[in-house]
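Before any comments, here is the structure.
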Amino acid sequence: RADSRGLYLPPEYGGLRPGDRLETIAHCTRPAEIRGREVLTFRAKGTYLFAKSSGKVEITPAKGLPLRYAPLYLALQVRNTIQKLYSEQDAAVLQALITGRNPIGDEDTAALSRSGLSHVVAVSGMHVSFLAGVLMFLLRKQRASTALVQILVIFFFAAMTGNGPGAIRAAILCSAGLVAPLIGRKTDPVTSLSAALLLLLLQNPFSIAGVGLQLSFASTLGIYLVGQPLNRTLYDALPKQGRRLTAIPVSILAVS
């Protein structure tokens, strides 16, 4: 069995579902070295072995749907539905936005990169924050039951998108913000951010070497330590009559 990040099989093996069991004879190598140089790139992503099949691949379909694979199965269903409803180009963008899988073509990838919008199609804290905001708007009253529902939905969505560092960080921060008022505590962003980092490192200590994790946590820490104080300073310096109109542009400027 293997928790595979990338699996390459001939077309006749199509139709695989989360939870299916694959068996084959494979030659395994450690991804610790590339051309003689030691790297942590793959281990930071949770890939500890490369396996190249040297025999026939036998597939044993899963009996029912294992609960642990429910988020992945839902993501698969969403992707299949999107492919049926939209053109190939539009479907690729929507799949990246909603499920975190990035089938976008090279041309669109280059366009997003040139415009500085690549982060929009990589599920991160922004997407989780939008989801948390929609849930807060729909449920409105903050009770223990509604907070629990929001937390479960947020972590389910993070699992759907692959549990990336940005998604997990945002899920833990949002959860801390939901729980704190219910138990009479104030939310401390730096403590919550540190807790998110601790949980990720407990799962995979090598993930600290991932550039995505480093940038995700560094940018969020910068917003809390620099962006928010700068925003308050600029906001207080604004004329009282024009604060409502300029509050959002000033906030964006401070965060940037």
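Tally up the residues in the range 121-160 that are within 28 Å of residue 214 (Cα to Cα) and either among the small types (Gly, Ala, Ser) or at pLDDT below 80 (or both), please.
11
Determine if the range 130-148 includes at least one residue that is touching a residue at least 40 places away in the same chain (Cβ under 8 Å), of a type in the set (A, V, I, L, M) and surrounded by 14 or more Cβ atoms within 10 Å (Cβ to Cβ).
yes
When residues of the range 65-106 are filtered for being touching a helix residue (DSSP H, G or I) at 6+ places or on another chain (Cβ under 7 Å) and outside any helix (DSSP H, G or I), how many remain?
7
Looking at the range 7-20, which of the residues that are of a type in the set (A, V, I, L, M) and at pLDDT below 75 is most open to solvent (accessible area, probe 1.4 Å)?
7
From 34, 82, 98, which residue is closer than 28 Å to residue 129 by Cα, of a type in the set (A, V, I, L, M, F, W, C) and modelled with pLDDT under 85?
Being closer than 28 Å to residue 129 by Cα, of a type in the set (A, V, I, L, M, F, W, C) and modelled with pLDDT under 85 holds for just one of 34, 82, 98, which is 98.
Let me spell it out: the conditions are (1) modelled with pLDDT of 80 or more; (2) surrounded by 15 or more Cβ atoms within 10 Å (Cβ to Cβ); (3) farther than 17 Å from residue 160 by Cβ, and residue 23 meets all of them except one. Which number is the exception?
Residue 23 satisfies every listed condition except (2).
Does the range 202-225 hold any residues that are more than 13 Å from residue 172 (Cβ to Cβ), of a type outside the set (Gly, Ala, Ser) and without any contact (Cβ under 8 Å) to a residue 40 or more places away in the chain, and which are they?
205, 211, 214, 215, 221, 223, 224, 225
In the range 62-79, what residues are over 20 Å from residue 21 (Cβ atoms) and either modelled with pLDDT under 75 or surrounded by fewer than 15 Cβ atoms within 10 Å (Cβ to Cβ) (or both)?
Hit for the range 62-79 is 77, nothing else.
Return the total of residues in the range 149-175 being open to solvent by 60 Å² or more (accessible area, probe 1.4 Å) and assigned to a helix (DSSP H, G or I).
4
The values are calculated or read from the model by the stated rules, or taken from the named source; none is laboratory data. For clarity, every value in this text was computed on a predicted model and none was experimentally measured. Cβ sites come from the backbone with ideal geometry, for glycine too, and all protein chains shown count toward neighbours. Side chains are part of the model used for accessible areas, which takes the heavy atoms of the whole protein and leaves out ligands, DNA and RNA. Shrake-Rupley method; radii C 1.70, N 1.55, O 1.52, S 1.80 Å.
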